[in-house]
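Below you will find the structure I want to go over with you.
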Amino acid sequence: MSEITAQEAQPLLPEWTFNDFLGSEPYEYLYSHKDNKFLLQQMLAKVQIVAKQQHFPGFLKMWNAYVDSMSPRVSVAGDYVMMFPDMDKLFPGNENLEYKCGKYICDEFGVGYTNRYGEIVEVCSHPILPTKRIVDIDTREEKLEISFRRSDHWRSIIVGREILASAQKIVQIARHGIAVNSENAKDLVKYITDVESMNYDSIPVAKSASRMGWVDGLRFLPYEDGLVFDGDSRFGEMFRSLTEHGDRGKWFSVAREVRNSTSIEARVMLATSFASVLAKPLGTLPFIVHCWSDVSGTGKTVALMLAASVWADPNEGAYVRNMNTTNAAVEIVAGFLNSLPMCFDELCTRDRRDGAETLVYMVCESAGRSRASRNGGIQTQQKWKNCAITTGETPILTENSRAGAENRVIDLEVSGPLFSDPISTANVIRQNYGFAGRMLIEALQADGGISEVKGYYDEYLPKLQDTGATTKQAMPMALILAADRFCAEHVFNDDRYLTIRDVSAMLKSNEQVDTNLRAYEWLMGMIAENNHRFEPVDEHYSGPIWGKMDDRGPDNVVVCIIRSRFNTLLTEEGFNARSFLKWARRMDVIETSNAGEPTKQVRISGMGNTNTRCVCLKMNALKSHGTQQFQQVEVSEDDLPF
């Protein structure tokens, strides 16, 4: 007997007419083969050819409509309700809530549905559902809280809608343990969308924040109930560190011991931690308090830990960070903390290529850089209104730092021990922390709290200015003093608050922050060290000539530096030559040309006895004018950092 071919084994098609396709017979015939998908597709192709031969239009539409009419489904969307185990734990206070799920079967085995051919399609192998809509208080963007059950317990994650709406992106949530892959992604996207739509009015809504600090007036994170944190997962540990832990009495015992001591630097660092949260409600600028000492064992790191323990776990890696990081990373930390103080230990670990001066300007600008996003728009800009407390073995700035940077840093130079027993102090605050910050916020939120501390600030500011400090130095110190005085009454219940006499020596005057004055003083020292390079030179000198020294009598020496050499010297030292010349001309410490230009033609024999354009500095200008004559002078905006 010959073998029967596959073609011969297929059933023969009835001879249908045009009118048969208007009825149900061809469709019933096809549907009878639904259990064999391969045979069904073969027969469908053949019947489609017959329909075309009979000039019957719209055969496929009729076939799809027939299949839909035969598909088992609930009569009304939402007839099925979820039967996930322990669902009541997801909705505290509303345990009897019934979630509609439409065509989906939701039970302890996961989520599935019956397709048009009567087959069960698995959407997810474990229970999963949207349980909360999250609205960001700053951007108003929405996210969904997705809860899922694995290993007999529920877990929740917060996911952006742009991820949940895309079959290509939703696979990203697999890293949290959700069973989603390229095969079921499309069904899971539709399931979450359908379930949210069916239960829109029942799903709880919560406000969220991706940062700490003040929100909506006097609400403050992390102390506000009902607000959800949905920030960058990289800040999970820092966020968890913002909690009360240990024995309140032990922490206050240590803090009061410091407040009663003569260690002004440690007291200022502690007060600065409180002052950070006042910057926004009082409308002041961010600032930096830098504690440094070239002597090991003074306790500056312990003082930083004490300041951090006001709010959080002071251990490094929890809340306190080291400075071995980039400016971009510092910017992200500042944006996350927002109102809370940034605490960075050991400035010496920072890569010098990043520049400490750049860091100072960035922190004190209140906002990060604008950056383009991948989709062609602009990323959300980081913003903050707080302070930074740092430590190191050297000052954060150098002699050639610009006045703007100098003005924004309060330097605390430590020459002796800050604590009688730093090891014991560190051990206590490592185990007991987070109490005082909440007390301060509650006092500020009370009626009259902000007004009271603002009154202290307004009282201190003019008095600090009267000491000769610059305004930008007086403002942060006034904030620190106001915070310390407010905390004395509302947190510590004592009268041991800092006074102007305690801190006035820490503030810089106009002369101290004037970059151009410091440049002039540097030039005087440079000339004294290199006088052999200026004419008249020793007959044995064969090196380059920098200019000419003109001795016109007692206290009247003018040094003429070749302009190109002058520019090189100042630039290499980090000063701005153009800014200096404008200042020097106004302060009459250079000789100008007949036309009033800051350079003159000078005949120098070492330059071929030709006239050379020089900057002519008056060596004894400081002595003749007196330092009180040198005041900070504004220069053009092109010369300023911002």
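What chymotrypsin sites (Phe, Trp or Tyr not before Pro) in the range 114-166 are in a loop by DSSP, with at most 16 other Cβ atoms within 10 Å of the Cβ?
Within the range 114-166, the qualifying chymotrypsin sites (Phe, Trp or Tyr not before Pro) (loop, at most 16 other Cβ atoms within 10 Å) are Tyr117.
Hey, with R₀ at 30 Å, roughly what FRET efficiency would Glu573 and Gln465 work out to, going by the Cβ-Cβ distance, to 0.05?
0.45
State the answer as a single residue: which of Gly177, Ile192, Ser125 lies farthest towards the positive end of the charge dipole of the range 116-215, with beta carbon charges of +1 for Lys and Arg and -1 for Asp and Glu, about the Cα centre.
Gly177
Normalised radius of gyration for the range 403-454, please: alpha carbon Rg relative to 2.2 N^0.38 Å, two decimal places.
1.76
Binning at 10 angstrom from zero up to the longest distance, how are the C-alpha pair distances of the range 401-531 distributed in percent?
Histogramming the range 401-531 at 10 Å steps yields 11, 28, 30, 20, 8, 4, 0 percent.
Note the direction-averaged projected area, equal to a quarter of the hull surface, for the Cα convex hull of the range 23-166, in nm².
It is 12.8 nm².
Can you compute the modelled spin-label distance between Ser261 and Arg496, with each label point 7 Å from Cα toward Cβ, in nm?
According to this spin-label approximation, the distance is 1.0 nm.
Moving to a separate point now. What angle, in degrees between 0 and 90 and rounded to the nearest 10, separates the Cα long axis of helix 435-445 from the longest principal axis of the Cα atoms of the chain?
Relative to the chain, helix 435-445 is tipped by roughly 90 degrees.
Next question, about the same structure. Against the longest alpha carbon principal axis of the chain, how many degrees, from 0 to 90 and to the nearest 10, is the axis of helix 563-573 turned?
60 degrees
Turning to a different aspect of this structure: Taking R0 as 45 Å, what's the FRET efficiency between Asn620 and Asn322 from their Cβ-Cβ distance, rounded to 0.05?
Computed FRET efficiency for Asn620 and Asn322 comes out at 0.45.
Given points 7 Å out from each Cα along the Cα-Cβ axis, report the Ser253 to Ser197 separation in nanometres with one decimal.
Going from the Ser253 label point to the Ser197 one covers 6.4 nm.
Now a separate question. Among (i) 73, 53, 52; (ii) 77, 62, 45; (iii) 131, 71, 45, only one was calculated for this model; which label is it, if the read-out is Cα extents along the principal axes in Å?
Given (i) 73, 53, 52; (ii) 77, 62, 45; (iii) 131, 71, 45, the structure-derived one carries the label (iii).
Oh, and also: Any idea of Asp68's accessible area? Nearest 10 Å², probe 1.4 Å.
70 Å²
Now for a separate question. Local charge sum around Ser147 (other residues, Cβ-Cβ under 10 Å, Lys/Arg +1, Asp/Glu -1)?
Charge balance in the 10 Å sphere: +3.
Once you charge only the Cβ atoms, +1 for Lys and Arg and -1 for Asp and Glu, what is the size of the charge dipole of the chain about its Cα centre, to the nearest 20 debye?
So the magnitude is around 1160 debye.
So how far apart, in nm, are the two label points at Lys454 and Tyr31 if each is 7 Å from Cα heading toward Cβ?
7.5 nm
Which value, in debye to the nearest 20, gives the size of the charge dipole of the range 269-350 about its Cα centre, when Lys and Arg are +1 and Asp and Glu are -1 at the Cβ?
With only Lys, Arg, Asp and Glu charged at Cβ, the dipole is about 180 debye.
Next question, about the same structure. Per residue, what accessible area does the chain have, given a 1.4 Å probe and all protein chains present, in Å²?
Result: 49 Å² of accessible area for each residue.
Where both partners of a DSSP beta bridge lie in the chain, what percent of those bridges are antiparallel, to the nearest 5?
65 percent
What is the Cα convex hull volume of the range 531-572 when expressed per residue in Å³?
So the per-residue Cα hull volume is 78 Å³.
Taking 0.36 nm per residue of sequence separation and subtracting the Cα-Cα distance, how much length would be gained by fully extending the chain between Met83 and Arg430, in nm to one decimal?
Working: separation 347, 0.36 × 347 = 124.92 nm, distance 4.64 nm.
Full extension from Met83 to Arg430 adds 120.3 nm.
A further question follows. Considering only the other residues whose Cβ falls under 10 Å of the Cβ of Pro281, what net charge follows from Lys and Arg at +1 and Asp and Glu at -1?
Combined, the nearby Lys, Arg, Asp and Glu give +3.
May I ask which residue of Asn324, Thr610, Asn36 lies farthest towards the positive end of the charge dipole of the chain, with charges of +1 (Lys, Arg) and -1 (Asp, Glu) on Cβ and the Cα centre as origin?
Most positive-ward Cα: Thr610.
What length, rounded to one decimal in nm, is gained on full extension from Ala595 through to Ala65, with 0.36 nm per residue of separation minus their alpha-carbon distance?
This chain segment gains 181.4 nm when fully extended.
With r as the distance between the Cβ atoms of Ser366 and Ile423 and R0 = 51 Å, compute the FRET efficiency 1/(1 + (r/R0)^6) and round to 0.05.
E(calc), rounded to 0.05, equals 0.85.
Scattering from the C-alpha atoms of the range 241-356 alone, worked out with Debye: what is log10 I(q)/I(0) at q = 0.13, 0.14, 0.22 1/Å?
Taking Cα atoms of the range 241-356 as identical point scatterers yields -0.54, -0.63, -1.47.
Another question about this same structure. Pulled fully out, how much extra length does the chain show between Asp411 and Met526, if you take 0.36 nm times their separation in residues and subtract their Cα-Cα distance?
Details: separation 115, 0.36 × 115 = 41.40 nm, distance 2.64 nm.
Difference between extended and current length: 38.8 nm.
Count the net charge of all other residues whose Cβ sits under 10 Å from the Cβ of Ser293, scoring Lys and Arg as +1 and Asp and Glu as -1.
That sum, taken over residues with Cβ under 10 Å, equals -3.
List the trypsin sites (Lys or Arg not before Pro) within the range 486-542 that fall in a DSSP loop (any state other than H, G, I, E or B) and whose Cβ has at most 15 other Cβ atoms within 10 Å.
Listed in order of number, the matching sites are Arg496.
Give the average over all directions of the projected area of the C-alpha convex hull of the range 113-271, one decimal, in nm².
Result: 13.9 nm².
Could the peptides 206-212, 335-341 be put in order, highest first, of the mean number of other beta-carbon atoms found within 10 Å of their residues? Intermediate values should be presented prior to the final figure.
Details: 206-212: 20.9, 335-341: 23.6.
Listed from highest to lowest mean packing, they are 335-341, 206-212.
Can you tell me the orientation of helix 577-587 relative to the chain, as the angle in degrees between its alpha-carbon axis and the longest Cα principal axis, to the nearest 10?
So the helix axis and the longest Cα principal axis differ by about 40 degrees.
A further question on this structure: With 10 Å bins from zero, work out the P(r) of the range 287-350 over every alpha carbon pair and list the percent per bin.
20, 57, 22, 1
A follow-up question, please. Relative contact order (percent) for the chain, with alpha-carbon contacts under 8 angstrom and 6 or more residues of separation?
9 percent
With every protein chain in place, what's the accessible area of Ser197 (1.4 Å probe, Å², nearest 10)?
80 Å²
The values are calculated or read from the model by the stated rules, or taken from the named source; none is laboratory data. The structure presented is a predicted model; accordingly, all values stated were derived computationally and were not measured. Cβ coordinates were reconstructed from backbone atoms using ideal geometry, including for glycine residues, and neighbour counts include every protein chain displayed. Note: areas computed on protein heavy atoms with side chains; ligands, DNA, RNA excluded. Shrake-Rupley method; radii C 1.70, N 1.55, O 1.52, S 1.80 Å.
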